[in-house]
Each structure stands twice: as C-alpha cells, then as structure tokens.
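Asker: Supplied in structure tokens, the structure appears directly below.
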Amino acid sequence: MKVPMKWLKEYVDIPMSAEEYASRMVMTGTAVEGVDKTGEQFDKVVVGKILECEAHPDSDHLHVCQVDVGGASPLQIVCGAPNARKGITVAVALEGAHLPGGKIKKGKIRGVESFGMLCSGPELDVPEGLYPHIGDAGIMELADDAPLGCDVKQVFGLGDDIIDFEILANRPDCLSVWGLARESAAVLDEHCVMPEIAVEENGKGTFDDYAKVIVEDSENCPRYCARIITNVKIGPSPMWMREYLYGAGVRPINNIVDITNFVMLETGHPMHAFDLSKVKDHTIVVRRARENETLTTLDGKTHALTPDMLVIADKENATGLAGIMGGEESEIVDDTASVLFECAAFERANNRITARTLGIRTEASGRFEKGVCPATAMEALQRACMLVNMLECGDVVPGAYDNYPNPAPQITVEAEVSRIARRVGVDIPGEAMEDILNRLNIETTLAGDVLTCEVPAWRQDIETDADISEEVLRMYGYDHIPSTLMNGVTMPGKRSAIQAFSDKVRRAMVGMGLFEVLNYSFISPRWLENLELPQDDVRLNAVRIRNPLGEDTSVMRTSLVPSMLNTLAGNLSRSIPEAKVFELSKTFSPTEAGQLPAEHHVLCVGMYGAKVDFYSAKRIVVWLAQIFGVEAQVRAGGDGYYHPGRKAIVSCGNADYACLGEIHPDIAEKFGIEKRVYVAEIDLDALMALEKPIYGVKPLPRFPAVTRDIALVVREDVGAGAMQDAIRKAAGKTLEDVKLFDIYRGEKLGEGVKSVAYSLTFRAPDRTLTDQEIAHAMDKVLSAVE
C-alpha cells in the first residue's frame, strides 16, 4: 500500500526522514517495500508567464515567446502549441532540464534561438486527474496565482515522499492511513490525532423517503450501512485530495468517486456510490446471485454469476458484485443528482472465492479478502458524508440505514507477564509491557503478574496471549533477544524401507541398460479412457484435482501406462530408433470423503526397437524378481490393452505382482504409436512384501556338472513355463539349472504341435554324479512331463 508522508503527517508527527522512518517501521514488523518520491520523472521545470507571443518569421505554426520565469530577464522560447498566447501562466522546462522524453538543450529552431521549452501535461507525465490540462493538444495553463520561478512540483502537489508498505494478511487494519498512523504513533512514541467527525445533515426528508435497503444474507454481509446525498454537484476534487490519491496510486475521477476512494484509503473501508436515479424502485437488495444471472461490471465485462456469489441488486437485477466491483447500470456520471453511499462488511472467504472465480482483483476485494472490521463501518460512512460537507458537493439527508444484527463482542485477553517473558526469551518488565500495549491502543492494566487487555475492534488479529506476546516483543525490539550460539542435536538420517527398496530397483533398472523418466502425477482423463478398460475397472475412478491447470492435467493417475505410452510416442515422433526406459512413481486411488488418496508404489518399463520383443520385457521382470529372492511364475493373461497373444502375468505363490506384454495395436494407435511397443507394470508394494533376504553365498563347486538336453514334442497350448516347473520338481536336488534353449515348429512335426528343448544341468556338492544317478533323474523327468 502506497501512502504519502504528507497524508500520514496530518495525524501523527514524524520527526525524521522518510528513509529513517521506513527503517523504524521495518524493525517493528511493518514491512516496507520501498521509498519513492512523486514527480521524479522531471526536474528544473518552473512556473513562467508569457509576456510576449509573436509569430515565428519562418513558420506558419510556431510562436516566439518571451517568458518571465522569475529571473533577471525573460527567456526566449520557441513554441508550437496552438494555445500559446500572451498573459497565460505555463510550465517552463529550463535549459538542462530532464523530462521523460529526454534532456532540454538550448538551440535554434528555424533560425530563432530557444532557451527552454513550454510543456504539455503528457510531456511532464502529469495525469489530467492530478492537474487539469488539454493533453497533447497544447501546453499546460497554470493558475494565475502560481508564484513565478517556483518549481512546478509545488503547483502539482508533487515532490512528496511515498512509503510503499507491504501489509500482510494478519494486519488488515494497516491497509489504511489511519491504521498506519496509529502504528506509527506507537512505534515513534508520538500522539496520534484522529479527525473529529461531524456531519451537517442539510438535506430534506429522511433516508426512508429516498431509498429502501433489504439484506437477505446477513451471514455473508454482517453489516451494511447507507446514507443518501441529494443535490449532488459533480466536479473535480480539490487539489489536496487529488494530490493524496495520486500519491497513493489511485487515479482521481470526480469529487463523489474520489471521496469513496479517499475514505477507503484513509479508513480501510471500501465504499461504493450508487446513482440513485438508476436504481429501480430506489431499492437496494443484498442477496445471493440467481441461477444463470449475469452482470456487466464497471470495466465493461459481462460475468456469469452462480448462486454462491453475493451481489448488490435492485428489485430486479444485480447491479454490483458485493465488495468487488460495481455495475455499469448505477455508475456515477456527470449529471448524477442523488447518490446512495454504501459502506459494508462482507465475509472474507465468500468475497475471495467470488473474485478468484470471476478473475477480478480490485483494491476493494483485496481489503475484504483480508478482513474489514464491521464495527467501524458507520464511522467510515460518516467520514464520507463529512467530506461531502467539506467539498460542498451535495446535501446529506438526515438519517442512515444500518443493519448490524450480530455485533462483535468486546475481546478481552489476559496474559501473564512471566509467561510472555518465557515465550519471547527476553526479560521485559511488566510496566514496559503495559506501556507498549497502551501505545498500541490496546487498553491494558497491570495487576500483579497479569495484564488485562481490552482489544480494539479493528485489531481482529489479536485473540490469545500469544498474540499479546508478539505485540510486546516487536515493539520492545527484536534486537533485545540475546545472541546465543546455535545449539542443536544432529539426528542421523536414513532412508525409509520403501525408499531403500526403490533405490535398489532403480539401480537394477539402470544396470540392465534402461534410462529413467519422470512424468507428472496428473494426467488427462482421456488417457485412461484410451486404455479401453472395462466400465467397472477401479482405475477409471480417478481422483479429480480441485483447481487443475487444465483438462489435460485434471486427474491423478491410477496407472503409469498412459504416461509411459506418451513418453514412447514422443521418442518415436523424434525418429529415435530404440528406447528402453522406466518410471518409478506412485499411482493414486480415491478413499473415503475427506481422506487423502491412497498411494501405491509402481514401476513401469517401456521399450521398443529392432532388438526388443516380448521376451526382453519378460527377462527384465524375472531378473528383477531374482534380485529380491522372489520366484517368478509366468502365465498367460493380462489387461485388455495388451496384445491378446503376447501378454503375461507374473506371480509368486498366489500373489500377482506384475503384468507385461506388447501393447495392443488399437490402443497404441490412440497414443500416436505405429510400431510395436512393450510395457511391463510391477507393483513394488507387492514385490517388497514378497522379498526374501539372501543369507551369504555358496562356495564354488568342487565337482563337475553333467549336462543333458531333452526335446519334447507337445501341443501348442502346452506352456513352456509349466513344463519347466515340472522338470525342476521331478529332477530332484541334484538339478542345478534348467534352461529353455529352443522352440521348433515345422512341417515334419505337423500342425498344432511344437518341439520345446531344454538344457538340464546336474551337480552334487559332495561327489561326482554317476551315469545311473543321471539316468534315474532323467527317467523321473520324462515321467513328469509325460
């Protein structure tokens, strides 16, 4: 919030420079973003008066002017403005002056010397609202009583120091000049003098003769105040008010609108002025918006409203967004004759949600979001009426509307001096605490060790003794906290079980030549639909994000497969011939209402290329299982987004923990993939539960191994894995290893059959096996496979 120092000094004495004052405020907890000066856009521009104005001898539009700037002799200045004439008071940029457009130098203009420049408003970057002018159409014409030779900044009300405060959400009372004046008085130990508010009610009739107000929603509008101004005379505000508004960053408009903005900045209460002649039946209704209702706001934009939004309406339609922005229908215009001043308090959460939903951010909404004190709303309204009297821009009608059904109770906080001292770590005397709190307008009495604090209504941030402790310490000074060496106990950190397990999985994947990828945890719901899962599949019930970046990132993923396919599609689109990647992340599934989603740790492997096939994915899954001591049992099956003849489920005992296969061509096409791609999904939570520790290693064998090969001719529907399991069980303890090394199909075998060949390795740890032992084992194997 930008505040002119001159405005602050009307209420509190600040006997120091702006920089020193800003430093004092920062050290007591009121942040300052910077200190600026108004009028720094130009210098060496003074008040002058044109004594003579003659036509240029060599131009049909230039004038040669003799200008008195308070010096020993007038300056000769060539000017092309059409309104340059003898006798007017003007702004003169002297030789060497710096303007927004550059530096002024003496020179010759068509043979005539010129020793300066007569300035227009835009050339000085002085807005018309601050000082009236005709823009680029001509030079500025100043008041005739402006002293010649003085700096024009004095005439324009520029040159004041502007303090840019950063007001945090917990101090909405400081979003006002009065609040900052009270805070400054406490920091500087000065006396704060507030204006005495007195209103002359010189209008005819009473409030009820002109308007009717109905508040239908007191929950979202805890207080609503209104007064009527008649015989309104619209015109420019006085110079002092325009100067203050300009310094605070608000554009002056006209006296009525400027009064509402001035009161908002001064008291912290946003106000609104309605042109009463434009309010149907002169009735104001504070209500929720109706279904499908629309409103065109002052910025010319039309907004679709929802029933949870609070609006200010007439008997028929909404005329303004409560606490955010007024509507075009009741806007103040030049011929406005009667005005209804509104000053209210609106519920902060409802105001914030409405403003955010509609994408509107205003000075008013920013204040209501942080919290406006309902108790002081009528005081702000009275201040506005007092300004109407001062500016003589209307007659204040006797009486007011004030709906305040549930006044906030007086908050009294008791705090122990000893407890505050322990909490803040500084031994502060109780008398010093009492003095500090009273300076902060918190009426405090000390009785023994107990401070009894009567909290003013505008300090809505003070509720407990912890808040009192904060106030005492920041005013007493953070520099009183004794310096101590850092003292702490370092706790040895370690990876959690799932983190350590994931690290081991990651190393295994990298060791197998795969690259890790990372994708967002939120995806498009269309991706899940593209997998063509059954309607009752739980993976279609995804957790929706409340405020997504867009529809493409609106749900938390229940499967890593869509993200992996999108990654593979991206690599293929860039003509990368081969890819072997993995993602180690989480999937999310909804739980009971109000609970966080359930998280599942999953590994997803994706690959394609000339040397990649179904068995490449299978080897990765089986090898990963062996690393954790898990026996991998592979059987045909899997989700429908896999190729029906090239998919498998991997289990251990009765627990399925992985699924792999080639992606169905139809599904791949939906992701923009035209080649064969292979994916494996591993449930890491399930695999971790199956992990078996490996206790040591076996010694190198002392006796030779014996190898036997066996080829079995079977039907196509007989699984090679099932036969391998049968061989392993039947061969006994001397079987060291069994490997599938060939599958043959041919005309000689006939249709519907295949030859499956295995290599069996036998070895005993304590002897060399005999032929009889090998033959006996092979007989058992043949019997089992038969």
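Matching residues to (1) crowded, with 22+ Cβ neighbours inside 10 Å; (2) touching a residue at least 40 places away in the same chain (Cβ under 8 Å):
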site: LEU310; (1), (2): yes, yes
site: LYS315; (1), (2): no, no
site: LEU321; (1), (2): yes, no
site: ASP334; (1), (2): no, yes
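Asker: While we're here: Are there any pairs with C-beta distances below 9 angstrom linking a residue in region 3-27 that is farther than 14 Å from CYS192 by Cα to a residue that is among the aliphatic types (A, V, I, L, M) and in a loop (DSSP other than H, G, I, E, B), with the two at least 6 apart or on different chains, and if so which?
Answerer: If the second residue must be among the aliphatic types (A, V, I, L, M) and in a loop (DSSP other than H, G, I, E, B), the pairs left are VAL3/ALA248; PRO4/ALA248; MET5/ILE14; TYR21/ILE14; ARG24/MET16.
Asker: Filter region 22-60 for residues that are part of a helix (DSSP H, G or I) and either within 23 Å of ASP145 (Cα to Cα) or not hydrophobic (A, V, I, L, M, F, W, C) (or both); which is least open to solvent (accessible area, probe 1.4 Å)?
Answerer: Going through the qualifying residues, I end up with SER23.
Asker: Looking for whichever is buried (at least 18 other Cβ atoms within 10 Å of the Cβ), under 34 Å from the mean Cα position of the chain (by Cα), at pLDDT 90 or above and more than 30 Å from ALA668 (Cα to Cα) here; the options are ILE498, ILE523, ILE436, ILE462. Which one fits?
Answerer: One residue alone meets the criteria, ILE462.
Asker: While we're here: Kindly evaluate GLU532 against the criterion of being surrounded by 13 or more Cβ atoms within 10 Å (Cβ to Cβ), more than 17 Å from LEU568 (Cβ to Cβ) and at pLDDT below 95.
Answerer: yes
Asker: Please indicate, with yes or no, whether at least one residue in region 95-108 is over 53 Å from the mean Cα position of the chain (by Cα), more than 30 Å from ASP173 (Cβ to Cβ) and not small (Gly, Ala, Ser). Explain how you work it out, then say what you get.
Answerer: Keep residues of region 95-108 that are over 53 Å from the mean Cα position of the chain (by Cα), which gives 107-108.
Next, only the ones that are more than 30 Å from ASP173 (Cβ to Cβ) stay: 107-108.
Cutting the leftovers down to not small (Gly, Ala, Ser) gives us 108.
Yes; the residues of region 95-108 include at least one that is over 53 Å from the mean Cα position of the chain (by Cα), more than 30 Å from ASP173 (Cβ to Cβ) and not small (Gly, Ala, Ser).
Asker: Taking the condition loosely packed, with under 13 Cβ neighbours inside 10 Å, outside any helix (DSSP H, G or I), touching a Lys or Arg at 6+ places or on another chain (Cβ under 7 Å) and not small (Gly, Ala, Ser), does PHE741 pass?
Answerer: no
Asker: Quick test of your reading of the structure: VAL510 fulfils all but one of (1) assigned to a loop (DSSP other than H, G, I, E, B); (2) open to solvent by 70 Å² or more (accessible area, probe 1.4 Å). Name the failing condition by number.
Answerer: The number of the failed condition is (1).
Asker: Hey, another quick one. Working carefully through the options GLY87, GLY70, GLY101, find the one that is closer than 17 Å to LEU142 by Cα and either among the basic types (Lys, Arg) or open to solvent by 50 Å² or more (accessible area, probe 1.4 Å) (or both).
Answerer: Working: GLY87 fails: either among the basic types (Lys, Arg) or open to solvent by 50 Å² or more (accessible area, probe 1.4 Å) (or both); GLY101 fails: closer than 17 Å to LEU142 by Cα.
The unique qualifying residue is GLY70.
Asker: Does ASP402 satisfy the criteria of being outside any loop (DSSP other than H, G, I, E, B) and not polar (S, T, N, Q)?
Answerer: Against the criterion (outside any loop (DSSP other than H, G, I, E, B) and not polar (S, T, N, Q)), ASP402 qualifies.
Asker: Okay, next question. I'm trying to understand the selection: among the residues of region 647-690, which are open to solvent by 60 Å² or more (accessible area, probe 1.4 Å), part of a loop (DSSP other than H, G, I, E, B) and more than 25 Å from ALA722 (Cβ to Cβ)?
Answerer: GLU674, LYS675, ARG676
Asker: Run GLY719 past the list (1) within 26 Å of GLY653 (Cα to Cα); (2) modelled with pLDDT of 90 or more; (3) open to solvent by less than 50 Å² (accessible area, probe 1.4 Å) and report the number of the one that doesn't hold.
Answerer: With (1) within 26 Å of GLY653 (Cα to Cα); (2) modelled with pLDDT of 90 or more; (3) open to solvent by less than 50 Å² (accessible area, probe 1.4 Å) applied to GLY719, the lone miss is (2).
Asker: Does region 723-736 hold any residues that are open to solvent by 50 Å² or more (accessible area, probe 1.4 Å) and in contact with a Ser or Thr (Cβ under 8 Å, 6 or more places away or on another chain), and which are they?
Answerer: Answer for region 723-736, where residues must be open to solvent by 50 Å² or more (accessible area, probe 1.4 Å) and in contact with a Ser or Thr (Cβ under 8 Å, 6 or more places away or on another chain): just GLU736.
Asker: In region 628-642, which residues are closer than 18 Å to MET512 by Cβ and either in contact with a Gly (Cβ under 9 Å, 6 or more places away or on another chain) or among the aromatic types (Phe, Trp, Tyr) (or both)?
Answerer: Within region 628-642, PHE628, VAL634 qualify.
Asker: Still on this structure: So if I check each of ALA169, ALA181, which one is within 22 Å of VAL455 (Cβ to Cβ), in contact (Cβ under 8 Å) with a residue 60 or more places away in the chain and surrounded by fewer than 22 Cβ atoms within 10 Å (Cβ to Cβ)?
Answerer: None of the others qualify; the one that does is ALA169.
Asker: Here's a follow-up. Being surrounded by 17 or more Cβ atoms within 10 Å (Cβ to Cβ) and polar (S, T, N, Q) narrows it down to one of ASN292, ASN255, so name that one.
Answerer: ASN255
Asker: Taking region 227-241 on its own, how many of its residues are surrounded by fewer than 24 Cβ atoms within 10 Å (Cβ to Cβ) and outside any loop (DSSP other than H, G, I, E, B)?
Answerer: 4
Asker: It is to be established whether one or more residues within region 406-423 are open to solvent by 20 Å² or more (accessible area, probe 1.4 Å) and among the β-branched types (Val, Ile, Thr).
Answerer: Within region 406-423 (the criterion being open to solvent by 20 Å² or more (accessible area, probe 1.4 Å) and among the β-branched types (Val, Ile, Thr)), the answer is yes, since at least one residue qualifies.
Asker: When only residues in region 1-21 that are over 27 Å from THR362 (Cα atoms) and aliphatic (A, V, I, L, M) count, which is surrounded by the fewest Cβ atoms within 10 Å (Cβ to Cβ)?
Answerer: So, considering only residues that are over 27 Å from THR362 (Cα atoms) and aliphatic (A, V, I, L, M), the one surrounded by the fewest Cβ atoms within 10 Å (Cβ to Cβ) is MET16.
Asker: While we're here: Among the residues in region 113-136, are any assigned to a strand (DSSP E or B) and of a type in the set (S, T, N, Q)?
Answerer: Yes - at least one qualifying residue is present in region 113-136.
The values are calculated or read from the model by the stated rules, or taken from the named source; none is laboratory data. Just so it is clear, the structure is predicted and the values come from calculations on it, not from any experiment. A quick note on method: Cβ atoms are made from the backbone with ideal geometry, for glycine too, and the neighbour counts reach across all protein chains shown. To get the accessible areas, we keep the full protein, side chains included, count just its heavy atoms, and leave off ligands, DNA and RNA. Shrake-Rupley method; radii C 1.70, N 1.55, O 1.52, S 1.80 Å.
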